[in-house]
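Asks: Submitted below is the structure of interest, expressed as structure tokens.
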Amino acid sequence: MLEVAAIASLLSGGLCGLLGYYAQRFNIATLSFSVAHAALAGASLALVIKSDVTYSALVFAILFALGMGIISTRISPHERELISMGFFSLFNAIAIFMVYMSTSYVLSTVSISVVLWGSVLAITKSKLILLAGITAIFMLYLFIFKPQIDSILFDRKLAKAEGVDVDLHTIVLLLFIGIAIAFTLRLTGGFLVFTLLYNPVASAMQLVRKAQWQQVLAPTIGMLAALLGLTFSYILDWPVGATIAIISSTILMVAYITRTIINMKLSREARRAQISRGR
């Protein structure tokens, strides 16, 4: 069981870190945040209707990602942000309401822990195989459409002018994010799943400036945070989702401090060089 959880944490951390990189570059980080909470609302509903948490979260995440992906192509980025945050509040309310409506039996079982803070016991071989399949499909998608995706990352407007279907690739990316979140939710819990999307890429952006290195470093940090979080939660008997969130947040803070120190050092060296030229 622990081996299955370790592999799942590596796959989840790596996939979410890579998806987070593209979400950041596509400028849909807020929208992906709302997709994560759509999955949380679906998982919470599963507690009441007694269905599978993962598949219920998957339905909510995919439907919302598809709907918002289509709507976002027809509205301004500012309107998209407002609508996304409105749905974020709605999905949080639905999640809390569904937990409240759950029976006392459900509240005393492992099901509630899967929804709120994740559980090592919730990772099964069948879910692991599906997660591996999703990862492989996303990597294949990146390989096949690399020229189009690279052009979008370079300049979104220029890519659209060259005939690249930017809106379609945005919707596809959101769908992958929704699917990944639904399967990762079992490990991290619904309230904390977004940390594996945001923290690794934010850390990578602090540590390196080149996009190519960020693309490699973000999933690496995601895998490291997930595996370390799983390890510490097992040793210390802590909730696995919260532990992963703490580890990934710690990495982000260390990365930020490191970047600040480097910038200060470079600034001092620049001032010294300027003074030397003045002499």
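Asks: In the set 194, 176, which member is touching a His at 6+ places or on another chain (Cβ under 9 Å), closer than 25 Å to residue 141 by Cβ and not hydroxyl-bearing (Ser, Thr, Tyr)?
Replies: Going through 194, 176 in turn, the sole match is 194.
Asks: Can you confirm whether residue 145 is more than 18 Å from residue 16 (Cα to Cα) and at pLDDT 95 or above?
Replies: yes
Asks: Listed residues 42, 17; which is surrounded by 24 or more Cβ atoms within 10 Å (Cβ to Cβ), touching a Pro at 6+ places or on another chain (Cβ under 7 Å) and at pLDDT 85 or above?
Replies: When all the criteria are applied, what remains is 17.
Asks: Which of the residues that make up the stretch 184-223 are open to solvent by 20 Å² or more (accessible area, probe 1.4 Å), part of a helix (DSSP H, G or I) and closer than 17 Å to residue 115 by Cβ?
Replies: Residues satisfying the conditions are 186, 195.
The values are calculated or read from the model by the stated rules, or taken from the named source; none is laboratory data. None of these values were measured; they are calculated from a predicted model. Methodologically, a virtual Cβ is constructed for each residue, glycine included, from the backbone with ideal geometry; neighbour enumeration extends over all protein chains shown. For accessibility, only protein heavy atoms count, side chains too; no ligands or nucleic acids. Shrake-Rupley method; radii C 1.70, N 1.55, O 1.52, S 1.80 Å.
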